[in-house]
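See below for the structure under consideration.
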Amino acid sequence: MTAATEPGHVPEHVYVDIGVVRVQSYLSRTSSLRGHRAASHTLAAATAREAVERAVDGLAEVNAEAGEVDGVVSMRFDVVPDEDPAPRVRLVQDAVLARLRQALPAAEFTSVWGRGTSYVEVYQRQMKPRIGSGEVRYDLPPPAEFPLAAPCRTCHVGPAAGEAAVTGSRRQLCPDCLQRNIPRDTMLDDGGTPEGRLVRDLGLDRPPEMFPALAALGGGEGNHLATVAADGNAFGEFFGELARQGSLDPGLRQAKEELSAKLSQATRDALQETVYDLHIEYDYVQLCVIPHVVGGDDVLLSMPADWAWKFTITFLQRFHASVREATAELIDRLNGDRTRTGRPGLVPPTASAGVVFSHHKEPLNLLRESAYDRMAEAKREAKGRQSSIQWLDLTADGPDAPRHRPVLLAKLRTPAGEPTDADRALSRLAGVPPAHRSRLAGVLRDRGPLTAAAVESRRVGHWEAVRPFLPPLDGPPDGEPPCGIGLGAALGMARRWPCA
Ligand SMILES: [Zn+2]
């Protein structure tokens, strides 16, 4: 009897991942929504299951153990005993890379591989360390044939390589922008992109073509957008523990095979439910929340500025609920072992978010960077243990890191998901006329002590709306306000608070 036919034998696979390096950054290389959308569409088409399987022509299959992550192709094939898998890995990489390079001329790709009985384990033990130490295959864009050529008139990054009509006028473009310059109507979106999927699954009308039109769907002056980045907290710890216990406990085999896919599905479900809720509540039939990339537990979106708080709060709640449901059984099981060995239990992963408010003219690549910086600040605040949000209003506070602390989701929602006192207090504060709020913000900044603000708010008659954000009057002046959010932060939040 050979090893492969022994009962209980677990077959080994070779896993090969190929992905776009910093996919969000690549997609937002051009600042227009149109160029971004075209690249996102091309990426989805180039990485679609059928396209990839056609490219590798039977050498490997799509790896169903990996979750769907925009910009990553994961393949696997059976280990053949006594055969070095490296040459076959190379062929699989060559086939997929050739296809991706044609679709995304200026992108950088990397590929990493490993072998074993489950993807989760191989990823944790072999692929992740190799990515960390740079032991990966790189595929970089070819150098320009004429390095001294005029720069591309759209992205200003690559040298121009051809001419095309862009919104009416002829322009010199680099290969990547040429590829992005496809008329919208020829992008038959069958639900391959994150945006197409929402339109299809929710039965909404397609979103606006350009950022100004998207901003105009919001209230107020209708020229401000929000860029929201959100990402799961402490997922690595969770996967690491599963790989560790999974290598000892064959009963965890199925969980290992399904978890990545389940978690990325949980993210997509949370996004879809949140977008659905908001469109029902605001009674919109046109998609107003544009997801750029949805990768595993990571999302980046654009929306009208006054949708952002409601969207972010709802999404973080739904994400946690969805992930908790997907992981409940597994966490109980993993924690059984942790309890026995005296280690603290794992909790279902949450997510944190960074939100940047801006004029619609700001380039998307800068907004993306700032949104990710804010998200990192939010994560640090709660050490990845709780949902948290950091925000920055470029129009009021400038581009530097915000001076206020991130806000924990728990300050805005009860464990049952109901609005807290702080949430209601913010709605009251948002009802104070904007001129009074900005005056109050000025006094707070110039005269520092909160008592100055208190005097001012009494004078203009909004004491009740301001009071929850001041330290208790019988305590120290730098004490914690009863609702947990200081007046400065509250005034910043109130500016874009949904009912303002
Ligand atoms: Zn270009």
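Below, the figures for the structure above:
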{"quantity": "Where the Cα pairs of the chain fall when distances are cut into 10 Å bins, in %", "calculated": "4, 17, 26, 24, 17, 9, 3, 1, 0, 0"}
{"quantity": "Given charges at Cβ of Lys, Arg, Asp, Glu: the chain dipole, positive-most of PRO250, VAL72, LEU217", "calculated": "LEU217"}
{"quantity": "Along principal axes, Cα extents of the range 11-139, largest first, whole Å", "calculated": "51, 31, 23"}
{"quantity": "Counting DSSP beta bridges with both ends in the range 310-459, the antiparallel % (nearest 5)", "calculated": "40"}
{"quantity": "ARG49 paired with ASP474, simple spin-label distance in nm, labels 7 Å along Cα-to-beta-carbon", "calculated": "6.6"}
{"quantity": "Relative contact order (%) - the chain, alpha-carbon pairs under 8 angstrom, separation at least six", "calculated": "14"}
{"quantity": "Charge-dipole axis of the chain as Lys and Arg at +1 and Asp and Glu at -1 on Cβ define it, positive-most pick from ALA353, VAL443, PRO85", "calculated": "VAL443"}
{"quantity": "3J(HN,Hα) from dihedral phi, the range 135-142, Karplus parametrisation 6.51/-1.76/1.60, rounded to Hz, x for glycine, proline", "calculated": "7, 10, 8, 9, 9, 9, x, x"}
{"quantity": "Probe 1.4 Å, protein heavy atoms only - accessible area per residue of the chain in square angstrom", "calculated": "47"}
{"quantity": "Percentage, to the nearest whole number, of Cα pairs in the range 194-415 over 33 Å apart", "calculated": "20"}
{"quantity": "Length added when fully stretched, LYS383-SER438, from 0.36 nm per residue minus Cα-Cα", "calculated": "16.6 nm"}
{"quantity": "Share of carbon and sulfur in the accessible heavy-atom surface of the range 11-139 [1.4 Å probe, %]", "calculated": "49"}
{"quantity": "Solvent-accessible area, 1.4 Å probe, carbon plus sulfur percent, for the range 194-415", "calculated": "50"}
{"quantity": "Relative packing of 418-426, 395-403, 228-236, which averages over residues the other C-beta atoms within 10 Å, highest first", "calculated": "228-236, 418-426, 395-403"}
{"quantity": "Links that overshoot a 30 Å alpha carbon limit, given the list LYS256/LYS383; LYS128/LYS411; LYS256/LYS411; LYS128/LYS262", "calculated": "LYS128/LYS411; LYS256/LYS411"}
{"quantity": "Contour excess over end-to-end distance, with Cα ends at THR395 and GLN265 and 0.36 nm allotted per residue", "calculated": "43.3 nm"}
{"quantity": "Computed magnitude of the charge dipole of the chain (debye, nearest 20; Cβ of K, R +1, Cβ of D, E -1)", "calculated": "1500"}
{"quantity": "Proximal charge balance of ALA243 [Cβ under 10 Å; K/R count +1, D/E count -1]", "calculated": "+2"}
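The values are calculated or read from the model by the stated rules, or taken from the named source; none is laboratory data. All figures in this text were calculated on a predicted structure; none of them were measured in a lab. Cβ atoms come from the backbone with ideal geometry, glycine included; neighbour counts cover every protein chain shown. Each accessible area value is taken on the protein alone, full model and side chains, heavy atoms only, with ligands, DNA and RNA left out. Shrake-Rupley method; radii C 1.70, N 1.55, O 1.52, S 1.80 Å.
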